[in-house]
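Heads up, the thing below is written out as structure tokens.
Just so it is clear, none of the values below were taken in a lab; they were calculated from the coordinates. Remember, it's a predicted structure, so these values are computed and weren't measured experimentally. Every residue, glycine as well, gets a Cβ built from its backbone with ideal geometry; the counts of neighbours run over all protein chains shown.
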Amino acid sequence: MLLLMVACVLLKFTPISLEITSYLAMTGSIFCAMLFKKLSIIEVSFPDEQPDKTLFGHLTPRLLMTEMNILGQLTGMEALKNLNIVITHLKPPYANIVKIKEQLKSENKDGLNLIYPQQGKLFNF
């Protein structure tokens with residue numbers, strides 16, 4: 001737990017230019033809260049093939065996993081194992097949704113527990 005607290009202090013007070021990418025710097029406190037609560041809801045709207053200039057602040061599987069790797073370097077990779085992450089805001093068409101899920105599965109080297117909500121189904125955490 002102390003390691004997580006130290007990482008959160010780093011995320012909150014370390015200048016952006018040192019070691020934290022722009023996505024993680026903007027959401028550092030959210031990531032800290034996520035680790036303490038063991039759950040986060042994160043949007044991944046487009047497949048990796050979407051050009052970065054057309055993401056408009058949305059994430060791709062590659063960008064999410066890059067940020068999770070950076071977070072793992074700060075906290076220790078064990079802190080990410082089985083971390084519940086609810087993936088939302090997958091944009092149509094259906095073929096893109098399937099591709100996003102496949103890419104997340106293949107890029108999930110940290111052992112994250114990726115959860116895809118279904119309408120009308122409750123979560124138990």
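Figures for the structure shown
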{"item": "Two-site FRET efficiency, Lys109 against Phe56, from Cβ-Cβ distance with R₀ of 25 Å, rounded to 0.05", "result": "0.40"}
{"item": "Directionally averaged projected area (convex hull, Cα atoms, the range 38-115), nm²", "result": "4.9 nm²"}
{"item": "Long-range HN-HN contacts of Leu59 with modeled amide H, under 5 Å", "result": "Ser45, Phe46"}
{"item": "Net lengthening on full extension, Lys121/Asn96 (0.36 nm per residue, minus Cα-Cα)", "result": "6.8 nm"}
{"item": "Cut-off under 5 Å, modelled amide H: who pairs with Ile41 long-range", "result": "Val86"}
